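Below: the structure, in structure tokens.
Coordinate-derived values only; no laboratory data. Quantities reported herein were computed from a predicted structural model and do not represent experimental measurements. For neighbour counting, all protein chains shown are included, and Cβ atoms are generated from backbone atoms with ideal geometry for every residue, glycine included.
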Amino acid sequence: MALPKSYLTSAKNLPAVFEAISGAQAPERFTQRFLESLEFKSTSDRLVISVLKSLGFLADDGRPTERYFAFLDQTQSAIVLAEGIREAYADLFQVNREAHKLQRPDLIGKIKTLSQGQYSDSVVDKIALTFSELCKLADFDTRAAVRNLGETDKKDEVENEESSTEEGQISFGGLHYNIQLILPASRDPKVYDVLFRALREHLK
């Protein structure tokens, strides 16, 4: 089951925590002391450390990962967070590709189904709370738009390749060759017939 066991009991400071992280230099290890240095000192705030580990922002020993450093680029932060959420809650997105858009009752129902009774209603509610509040800070649309644009570009490339081949290019295993013939200075059509016949035989 790809549902993280970590969750928040209160998410009121979650936006501020992520904002503080993006504006601070990455620590050697993300510890409770570092979190307190960002002015988040309550016991409920400490739970964010486990959540960051679930999202792939921190290694088990608290060291920032590549995803953490990517998040520090504020032009990409929301996209990076969305990637972490999709990975952490993989099973949830497997049953619903638009899980981040689920209303609370539907979300709770999906979590109960996936957890197969392992969690109490209180824990399920907190997992749903954590997921919903994380999703509010993430950008799930930009990455999808980039992916769709890439697919369009690939389609255009294929169409261009097909068009080029029809115009006389020869393709072998994805490589394209332009064949240029230097014809002899002759007005005898039989000479050209022989050349083109040999070319056709060669390309079969």
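Summary table below
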item	result
Ile85, Ile79 arranged by Cβ crowding within 10 Å, fewest neighbours leading	Ile79, Ile85
Mean separation of Cα contacts under 8 Å, 6 or more apart, over the residue count of region 14-142: relative contact order %	24 percent
Alpha-carbon Debye profile of region 1-153, log10 I(q)/I(0) at 0.10, 0.15, 0.18, 0.20 Å⁻¹	-0.35, -0.79, -1.11, -1.31
Under 5 Å, built H, 5+ apart or other chain: amide partners of Leu58	Lys53, Thr65
